[in-house]
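J.: Structure provided below as structure tokens; questions to follow.
The values are calculated or read from the model by the stated rules, or taken from the named source; none is laboratory data. What you see is a predicted model; the values in this text were computed from it and never measured. Here the Cβ positions follow ideal geometry from the backbone for every residue, glycine too, while neighbour counts run over all protein chains shown.
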Amino acid sequence: MKRQEIPEWHGITEYRTPVFEQYEFDFKMHENAEPFDPKSRRGIDVASLNYAREIVGDPNNDKWLERRKLSDAFKMGIEFAKRHLNGG
């Protein structure tokens, strides 16, 4: 994921704010799979897990709680958009 470079943060944290306009969501369970429909519940779940995996930087289950929190936050953003930004 492309992230903004903020020199003052170098060495303080590994997190860099994502450049949302340039991010491409991944709707596949694995590399050779067919992508899920982005508007389906499964598509949202898969995209959120892939996004969280990128942010946490750990594809294994070592940091599953961090990935779960990020995944839930992503899905809450989708729910907010459905209710308040897209006419309910």
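J.: Taking the residues in region 54-88 that are more than 9 Å from the chain's Cα centre (by Cα) and of a type in the set (Phe, Trp, Tyr) as candidates, determine which candidate is farthest from GLN22 (Cα to Cα).
T.: Step by step, filter region 54-88, then rank; the result is TRP64.
Yes/no per residue for (1) under 16 Å from ASP26 (Cα atoms); (2) at pLDDT below 85; (3) in contact with a Leu (Cβ under 7 Å, 6 or more places away or on another chain); (4) exposed (fewer than 10 other Cβ atoms within 10 Å of the Cβ):
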{"position": "LEU49", "(1), (2), (3), (4)": "yes, no, no, no"}
{"position": "ILE55", "(1), (2), (3), (4)": "yes, yes, yes, no"}
{"position": "ARG68", "(1), (2), (3), (4)": "no, no, no, no"}
{"position": "SER71", "(1), (2), (3), (4)": "yes, no, yes, no"}
{"position": "GLU79", "(1), (2), (3), (4)": "no, no, no, no"}
{"position": "ARG83", "(1), (2), (3), (4)": "no, no, no, no"}
{"position": "ASN86", "(1), (2), (3), (4)": "no, yes, no, yes"}
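J.: Considering only residues that are part of a helix (DSSP H, G or I) and charged (D, E, K, R), look in region 30-53 and name the one that is nearest to the chain's Cα centre (by Cα). Can you show your working first?
T.: Of region 30-53, the ones part of a helix (DSSP H, G or I) are 41-53.
Remaining after also requiring charged (D, E, K, R): 41-42, 45, 53.
Working: ARG41: 15, ARG42: 14, ASP45: 10, ARG53: 7 Å.
In this case the residue turns out to be ARG53.
J.: Is it the case that region 6-14 has a residue that's modelled with pLDDT under 80, exposed (fewer than 13 other Cβ atoms within 10 Å of the Cβ) and not in a loop (DSSP other than H, G, I, E, B)? Spell out the reasoning first.
T.: In the first step, residues of region 6-14 are kept if they are modelled with pLDDT under 80; the result is 6-14.
Imposing the further condition that a residue be exposed (fewer than 13 other Cβ atoms within 10 Å of the Cβ) reduces the set to 6-8, 10-14.
From what is left, the residues that are not in a loop (DSSP other than H, G, I, E, B) are 7-8.
The answer is yes, given that some residue of region 6-14 is modelled with pLDDT under 80, exposed (fewer than 13 other Cβ atoms within 10 Å of the Cβ) and not in a loop (DSSP other than H, G, I, E, B).
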